[in-house]
Amino acid sequence: MSVDLNAVRRIAHLARIEVSEAETPHLQREINAILKFVEALDTVDVEGVEPMTSVIPMALPMREDVVTDGDIAPKVLANAPMTEDGFFVVPKVIE
Amino acid sequence: MTDLTTLTLAEARDRLKSRAVSSLELAKAHLEAIERAKGLNAFVAVTADKALQMAKASDARLGGKEAGPLEGLPIGVKDLYATEGVHTQACSHILDGFRPPYESTVTANLWRDGAVMLGKLNMDEFAMGSSNETSYYGPVASPWLPPNWSRERARAALGSGKRGLLTPGGSSGGSASAVAARLCLAATASDTGGSIRQPAAFTGVVGIKPTYGRCSRYGMVAFASSLDQAGPLARTVRDAAIMLRSMAGPDPKDSTCSPASVPDYEAAVGRSVKGMTIGVPREYRLEGMSDEIERLWARGAEWLRAAGASVVDVSLSHTPYALPAYYIVAPAEASSNLARYDGVRYGLREPAPDVIELYEKTRASGFGAEVRRRLMIGTYVLSAGYYDAYYLRAQKIRTLIKRDFERVFAAGVDAVLTPATPSAAFGIGEVGSDNPVEMYLNDIFTVTVNMAGLPGLVAPAGLSNKGLPLGLQLIGRPFDEETLFTLGETIEQSAGRMTLPEPWWA
């Protein structure tokens with residue numbers, strides 16, 4: 001499989017990465033080189049094979065369903081580029 | 001007095017214990033070495049004040065009951081580990097100014113055991129790379145001189161873009177360069193597809209990626225969660241064993257971290273390999289493989305045989321599919337993990353009139369080219385209509401790769417011996433500029449281990465025809481790192497301790 005220029009633009013938008021028109025053909029070539037490289041997998045017979053979900057078999061640990069931390073709003077916000085009154089600030093989302 | 005930076009971690013530990021040297025002296029000697037080696041660009045942040053403070057505290061504890069197993073030993077930390085209040089950016093622009101309000105479990109374990117932090121080490125951005133060239137902070141130079149280069153020529157190149165100097169490999173390039181250049185006694189690193197083992201091979205040091213789940217991933221900047229593992233880089237097998245024992249262990253903050261207690265890995269160093277069975281997998285004999293790599297591999301098998309192990313041919317038939325499957329699984333998981341970098345909660349933010357544009361602009365300027373490429377591949381293989389053909393198929397192939405190893409281990413093989421890399425170190429700016437896949441091929445021998453969750457150790461095993469270090473890899477059963485340390489030390493002893501380059505950079 002390979003991607004065309006429109007697909008590159010669509011993927012970039014899905015990944016939320018702005019891509020200029022000038023970059024698109026270059027990206028298309030690189031993505032197609034990688035897709036060509038992974039084509040080798042098409043020849044493997046995977047009939048009846050379970051997909052890997054956990055590489056080392058282990059039971060998921062359980063714990064009491066209780067709050068174990070909290071009251072750290074200043075810590076959570078400490079690295080934010082923009083905050084106001086204890087909230088993250090983003091451009092207006094609702095008209 | 002000997003230069004304190006030439007001591008191994010174990011030697012420094014013993015001298016601290018006998019009070020022949022103080023932690024403060026050790027820390028100062030390493031801080032001075034770091035200062036003189038600025039040109040290598042191995043460190044992205046030096047925490048000198050913290051180091052001196054920690055060293056003084058260690059000196060107070062040394063000799064007392066509360067001294068830890070790493071008490072007073074100065075180490076470096078890959079920029080991927082969250083260190084409270086200290087530079088932690090996985091060498092990405094998008095995490096500009098980020099100071100974690102918490103500590104990663106692995107580093108917390110090291111400080112608990114008395115280690116002293118010298119600073120944060122350069123790496124490929126988000127650990128995506130095999131040469132440390134994708135770092136926002138620029139490439140790292142290996143302390144190894146390029147073949148036929150004079151010290152003067154190399155010194156001049158340090159000041160002008162480093163072109164032609166050797167890469168230390170990646171992604172843990174800063175860690176490998178710093179350990180090989182004796183800027184720290186050991187360093188933390190991390191390995192998603194070979195990021196501990198390939199740099200170890202390129203710089204003539206020892207690296208181990210333990211079994212998936214052996215170390216907690218809490219506080220490590222996530223790349224591909226089902227593949228990422230912490231591990232050490234050090235100058236000897238014994239030093240790597242000492243480091244791993246402190247780094248590893250159960251952690252309620254990471255549900256994939258094993259509850260099993262950590263054995264005394266150092267006790268495994270020096271054990272006999274008599275009676276062990278070593279598998280040599282035929283699928284690793286690549287077409288067009290260089291003679292020197294083939295010879296090194298055969299010599300490694302011969303050393304283990306001479307030490308009393310038996311060597312058998314084995315087959316791991318799905319090996320050729322590991323790297324392509326990795327380039328689906330890893331970018332897919334990365335595209336999900338790196339969705340958190342949105343310009344809202346931490347790091348860089350490019351202003352925009354609406355929130356979608358804010359995301360797109362922030363991510364376009366915050367991520368480097370290789371990261372953007374992998375995030376797009378990951379997004380594509382997970383997108384509607386392609387998930388089954390790519391991601392699901394790759395995860396099935398992963399099952400087959402793991403089964404290959406299970407079969408070989410069930411047949412009585414204790415460890416598998418392979419080359420570490422297809423070649424010795426290459427020059428900065430030499431690989432992958434036309435086609436990204438060219439760089440990816442560096443991980444051809446290491447990536448299977450991550451796909452199967454197994455432990456893999458790389459030890460220096462000799463020099464190439466051009467005088468550059470080459471490594472051999474040992475792959476073990478899940479949670480059997482001890483056997484790897486035993487076998488690794490046999491290789492180290494047989495090859496003779498690697499003579500690291502004299503400091504031309506200072």
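Some values worked out for this structure:
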| item | result |
| --- | --- |
| Identity of the residue in region B:332-358, of a type in the set (A, V, I, L, M, F, W, C) and assigned to a loop (DSSP other than H, G, I, E, B), that ends up farthest from the chain's Cα centre (by Cα) | B:Ala352 |
| Filter result for the condition that a residue is in contact with a strand residue (DSSP E or B) (Cβ under 6 Å, 6 or more places away or on another chain), more than 8 Å from every other protein chain (Cβ to nearest Cβ) and among the hydroxyl-bearing types (Ser, Thr, Tyr), over B:Thr418, B:Thr319 | B:Thr418 |
| Answer from B:Pro320, B:Pro331 - the residue that is surrounded by fewer than 23 Cβ atoms within 10 Å (Cβ to Cβ) and closer than 30 Å to A:Phe37 by Cα | B:Pro320 |
| Residues of region B:200-230 satisfying the condition of being closer than 12 Å to B:Leu80 by Cα and of a type outside the set (D, E, K, R) | B:Tyr218, B:Gly219, B:Met220, B:Val221, B:Ala222, B:Phe223, B:Gln229, B:Ala230 |
| Only one of B:Gly194, B:Gly213 that is in contact with a helix residue (DSSP H, G or I) (Cβ under 7 Å, 6 or more places away or on another chain) and either surrounded by 24 or more Cβ atoms within 10 Å (Cβ to Cβ) or in contact (Cβ under 8 Å) with a residue 60 or more places away in the chain (or both) | B:Gly194 |
| Candidates A:Met1, A:Met58, filtered to the one that is within 8 Å of chain B (Cβ to nearest Cβ) and in contact with a helix residue (DSSP H, G or I) (Cβ under 8 Å, 6 or more places away or on another chain) | A:Met1 |
| Scope region A:55-73; condition farther than 30 Å from B:Thr448 by Cα and aliphatic (A, V, I, L, M); matching residues | A:Met62, A:Val66, A:Val67, A:Ile72, A:Ala73 |
| Residues satisfying the stated conditions in region B:334-347, i.e. buried (at least 21 other Cβ atoms within 10 Å of the Cβ) and of a type in the set (A, V, I, L, M, F, W, C) | B:Ala334, B:Leu338 |
| Restricting region A:6-32 to residues that are part of a helix (DSSP H, G or I) and over 21 Å from the mean Cα position of the chain (by Cα), the residue that is farthest from the other protein chains (Cβ to nearest Cβ) | A:Pro25 |
| Subset of region B:417-432 (residues that are in a loop (DSSP other than H, G, I, E, B) and not acidic (Asp, Glu)) | B:Ala420, B:Thr421, B:Pro422, B:Ser423, B:Ala424, B:Ala425, B:Phe426, B:Ile428, B:Gly429, B:Val431, B:Gly432 |
| Qualifying residue in region B:128-137 (condition: surrounded by fewer than 24 Cβ atoms within 10 Å (Cβ to Cβ), over 15 Å from B:Pro199 (Cα atoms) and either at pLDDT 95 or above or under 20 Å from the mean Cα position of the chain (by Cα) (or both)) | yes |
| Residue check for B:Gly204: farther than 13 Å from B:Pro139 by Cβ and modelled with pLDDT under 95 | no |
| Among the candidates B:Gly471, B:Gly496, B:Gly488, residue that is surrounded by fewer than 24 Cβ atoms within 10 Å (Cβ to Cβ) and over 24 Å from B:Leu400 (Cβ atoms) | B:Gly496 |
| Qualifying residues in region B:78-127 (those that are polar (S, T, N, Q), more than 13 Å from chain A (Cβ to nearest Cβ) and farther than 19 Å from B:Asp49 by Cα) - the one nearest to the chain's Cα centre (by Cα) | B:Asn122 |
| Pairs, first within 14 Å of another protein chain (Cβ to nearest Cβ) and on the phi < 0 side of the Ramachandran plot in region B:258-287, second buried (at least 19 other Cβ atoms within 10 Å of the Cβ) and polar (S, T, N, Q), C-beta under 7 Å, six or more apart | B:Glu283/B:Thr319 |
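Okay, residues lined up against (1) more than 8 Å from chain A (Cβ to nearest Cβ); (2) among the acidic types (Asp, Glu); (3) touching a helix residue (DSSP H, G or I) at 6+ places or on another chain (Cβ under 6 Å):
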| position | (1), (2), (3) |
| --- | --- |
| B:Asn337 | yes, no, no |
| B:Arg340 | yes, no, no |
| B:Tyr346 | no, no, no |
| B:Asp354 | no, yes, no |
| B:Tyr359 | no, no, no |
| B:Thr362 | yes, no, no |
| B:Leu375 | no, no, yes |
| B:Tyr380 | no, no, yes |
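The values are calculated or read from the model by the stated rules, or taken from the named source; none is laboratory data. Since we're looking at a predicted model, the values are computed, not measured. When we count neighbours, we look across all protein chains shown, and the Cβ atoms used for this are built from the backbone with ideal geometry, even at glycine.
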